[in-house]
Every structure is written in C-alpha cells, then in structure tokens.
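One structure below.
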Amino acid sequence: MKLKLILGVLLVLFLVSTRSAEASEGPFILRNMVGEASRCEGGSVLMQDRNYNIYISCRDITYPGGTDVFSYVVWGVPADGGGHFRLGTIGLGKVAFKTKTAFSSLYVTKEEDEGTRSPQGPVIMQGSVGRFETLDGPAPTPGIGELESPTPSPITTPAPRNLGRIFAAGGILAFIAIFGVILVIFVVTRK
C-alpha cells in the first residue's frame with residue numbers, strides 16, 4: 001500500500017513539473033502596452049543544467065538623458081503562481097538571462113533604480129510564452145471534440161516531372177537535330 005502511495009505521489013509530481021517546463025519553453029513577443037514603438041521578442045529553452053536560457057532582442061528602445069535616466073527591467077511570472085521574480089535589465093536591447101524558476105509570462109517595467117528587487121514602475125511591455133510549433137506541433141484548437149478531427153488545409157506541391165515525357169521530348173529534339181545535320185551534309189555534298 002505504501003509503495004502504491006509513493007508511486008502515485010511521484011507520478012503527480014512528475015506531471016506537474018512537466019507542465020511547468022512546457023509552459024516556460026518557447027517563443028514570446030513582449031508587446032508595447034503604452035503606445036510607444038519599443039517592442040521585444042525572444043525565446044526560452046530548458047537546458048540540461050535545469051536552467052531556462054532566455055534571450056531577448058528589442059527594437060526602438062529609447063533612453064532619456066539627464067536626471068531622468070531609467071532602466072528597463074525584465075520580470076518573470078512563475079508558472080506555479082508565486083511571486084514575480086527579477087531577471088535583469090534590457091540594457092541596449094540585446095540580452096540573455098538564466099533562471100531555474102519555471103515561468104508563464106514576462107513583462108518589462110520602467111524603473112528609476114536598476115537594482116530594484118520588486119516592480120515599482122509602470123509596465124511597458126508584456127507577453128506570454130508560446131509553443132515552438134515546428135517542434136511541438138500547433139497549439140490545440142479550443143472547441144474541437146475528441147471525436148472530431150480538424151480538417152487539414154491543402155498543401156500545394158508542384159507536380160512531379162514524368163521522366164518518360166522528359167526523355168520523349170529529348171528524343172524528339174535529338175531526332176530533329178540529327179535530321180538537320182544530315183540535311184546540311186546532303187546539301188553541301190550535292191554542290
């Protein structure tokens with residue numbers, strides 16, 4: 001009885017940890033929330049050292065000068081619903097982070113103090129982690145029952161070339177060429 005209980009608990013823990021890993025691994029787009037041009041894209045991959053490697057690339061990030069200097073800080077929302085955690089600053093718009101914490105989404109705040117440990121400033125960009133559709137397949141479509149199957153969209157492919165036709169066309173061209181050469185030889189030797 002104890003063995004069955006232990007195996008059941010281990011199975012549940014495995015299923016819960018697998019879901020959080022899937023939620024944290026994939027591409028994401030951090031969309032601008034305040035009507036500015038700045039935006040970021042990136043991705044996250046769970047590596048063998050059990051860290052999520054996160055890369056982010058941004059466009060149109062602007063930093064004011066003078067006394068109003070601020071930093072863009074990236075925050076993660078844990079997949080298990082715990083407190084938000086700090087990943088780091090965006091810097092000049094190209095950055096990579098590592099974290100052991102599984103997460104479901106990311107957001108960026110504008111902070112006066114780049115070393116802040118909790119979000120204080122306004123949320124500038126945010127986005128959720130998606131799926132690597134080329135690796136994991138497309139996301140499930142809501143509303144499709146288990147007995148129904150989605151209608152596959154037709155994929156147009158070029159028709160295969162028939163080798164017999166190619167050889168036939170080549171044979172006809174070769175016959176015409178040989179006939180032309182014989183005709184030229186006949187005309188030249190007749191004079």
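General remarks:
- Among Cys40, Cys58, the order by Cβ neighbours within 10 angstrom, fewest to most, reads Cys58, Cys40.
- Spherically averaged projected area of region 20-129 from its Cα convex hull (nm²): 6.5
- Relative contact order, percent, region 20-129 [alpha-carbon distance under 8 Å, six or more residues apart]: 31
- Exposure proxy shown here: for Leu106, Leu87, the number of other Cβ atoms within 10 Å sets the order, fewest to most, as Leu87, Leu106.
- Residues Phe132, Phe28, Phe175, Phe103 arranged by fewest to most Cβ contacts within 10 Å: Phe175, Phe132, Phe28, Phe103
Each reported figure results from applying straightforward, stated rules to the coordinates on display, with no laboratory input. The shown structure was predicted, so the numbers you read here are calculated from the model rather than taken from an experiment. In this analysis, Cβ positions are derived from the backbone assuming ideal geometry, glycine residues included, and neighbour counts consider all displayed protein chains.
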